[in-house]
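Below is one structure; the comments refer to it alone.
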Amino acid sequence: MLFRQIFDEKSWTYTYLIASGVGREAVIIDPVIEKVDQYIRILKQLDLRLVKCIDTHIHADHISGMAELREKTNCVSVMGDKTPADVASIRVSDGEEVKIEGISLRAMYTPGHTSESFSYKMDDRVFTGDALLIRGTGRTDFQNGDPYDAYDSLFNKLLKLPEETLMYPGHDYKGEMVSTIGEEKRFNPRLQVNSADEYAEIMNNLNLPNPAYMDVAVPGNLAGGINLERQKTAGGIDCDEFKKDIESGECILVDLREDSEISKMGQIPGSVNVKFSDLQNYLKTNMQLIKDKKVLMYCDIGQRSTLAVQISASFGLRHARHLIGGIQAWKKAGLDIKTQEHHH
């Protein structure tokens, strides 16, 4: 396995780059905007293709590099399904797997530091974001934090993992790089409590200053997401026009989402499933069949489909269009969605 831990000295943030080997698909966890060029350099040097990028939560101390990485590498952005940010193209729920070639990360909902914090468990290690830090825990006094939620996430989820599990935090302020669940149980001063009340008492009396970047970072990270204007310029059409095109026949309707998203949300009747990560392959093999047809693409919120239209154009497909705002917009408009329950 290929594993890199990259440090941002301004915000004390750790970013993790993981792949199953040189020349393979890669995932990045908690990227920082100022470091994007460095990540891209490493990806090039190791001949990696960045396919997914995860933010563990909305950060208050740095601006996420997620949107910029997406621009530059066409990766898919992933966040937990409790996030209010519109930056995520895939929203995962508790227990769901985020997969790339040879690597699988299990999403664990661990609120407390923020209401939408997730941790990610992989084989022998867990990436805890700010839920659990080395000899510390994420503060709970702003951004919808809650010490009781944090206690539950720590004691009923993270600390239940095997003791030898390596623990990689989202930050460290003392230069520590890795710990284990067992060590934290024994030596983390904030975990030596007997009840949620006792934990809340400690957390409510920390009186910490706000992080230096907070006023810049939180609004920036909430808005890091969908630029509907940009979706329009890239062959985007709205629900009404999309519906008219489907009804005109002679079109191919492509759902770019992953199976787990389709089973949660249902899909537009008549769709063929082509996962965004398989799109280039699909275009290569089916170009003869589809080149004269209208190809209509959609995803969850229009982020992947915007990229898909661009990618299609590079293969010479001129009639690709996509649904602005994705199936979320389609659903809001009250249009027809078929759910999976009907498959007997």
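Quick notes on this one:
- Condition met for residue 240 (in a helix (DSSP H, G or I), modelled with pLDDT of 90 or more and in contact with a Lys or Arg (Cβ under 9 Å, 6 or more places away or on another chain)): no
- Test: residue in region 195-207 that is touching a Lys or Arg at 6+ places or on another chain (Cβ under 8 Å) and at pLDDT 95 or above: yes
- Only residues that are more than 10 Å from the chain's Cα centre (by Cα), buried (at least 24 other Cβ atoms within 10 Å of the Cβ) and polar (S, T, N, Q) were counted in region 34-64, giving 1.
- Inside region 261-274, residues that are surrounded by fewer than 18 Cβ atoms within 10 Å (Cβ to Cβ) and either modelled with pLDDT under 90 or charged (D, E, K, R) (or both) make up a count of 1.
- The set of residues from region 275-299 being surrounded by 13 or more Cβ atoms within 10 Å (Cβ to Cβ) and either aromatic (Phe, Trp, Tyr) or free of Cβ contacts under 8 Å to residues at least 24 places away in the same chain (or both) comprises 275, 276, 282, 286, 298.
- The criterion of at least 2 residues that are in the same structural domain as residue 101 (by TED's automatic domain parsing) is met by none of the helices (runs of 4 or more DSSP H) falling completely within region 271-343.
- Restricting attention to region 71-101, the residues that are closer than 19 Å to residue 279 by Cα, of a type in the set (Gly, Ala, Ser) and more than 12 Å from the chain's Cα centre (by Cα) total 0.
- For region 2-39, a residue qualifies if it is out of contact with any Asp or Glu (no Cβ under 7 Å at 6 or more places or on another chain), at pLDDT 95 or above and part of a loop (DSSP other than H, G, I, E, B), and the qualifying residues are 21, 31.
- Enumeration of residues in region 12-33 that are closer than 21 Å to residue 88 by Cβ and surrounded by fewer than 20 Cβ atoms within 10 Å (Cβ to Cβ): 33
- The residues listed here are 326, 334, 302; of these, the one that is over 15 Å from residue 272 (Cα atoms), crowded, with 23+ Cβ neighbours inside 10 Å and at pLDDT 90 or above is 326.
- The set of residues in region 129-144 being among the small types (Gly, Ala, Ser) and either surrounded by fewer than 22 Cβ atoms within 10 Å (Cβ to Cβ) or part of a loop (DSSP other than H, G, I, E, B) (or both) consists of 131, 136, 138.
- Any hit, region 27-42, residues being under 21 Å from residue 134 (Cα atoms), assigned by TED's automatic domain parsing to the domain that holds residue 142 and in contact with a helix residue (DSSP H, G or I) (Cβ under 8 Å, 6 or more places away or on another chain): yes
- The residue pairs whose first member lies in region 253-273 and is free of Cβ contacts under 8 Å to residues at least 24 places away in the same chain and on the phi > 0 side of the Ramachandran plot, whose second member is surrounded by 15 or more Cβ atoms within 10 Å (Cβ to Cβ) and hydroxyl-bearing (Ser, Thr, Tyr), and whose beta carbons are closer than 6 Å, counting only pairs six or more residues apart or on different chains, do not exist in this structure.
- Selection of region 24-47 for residues being at positive phi and touching a residue at least 60 places away in the same chain (Cβ under 8 Å) yields only 30.
The values are calculated or read from the model by the stated rules, or taken from the named source; none is laboratory data. Model, not experiment: these values are computed from the prediction. Positions of Cβ are backbone-derived with ideal geometry, glycine not excepted, and every protein chain shown enters the neighbour counts.
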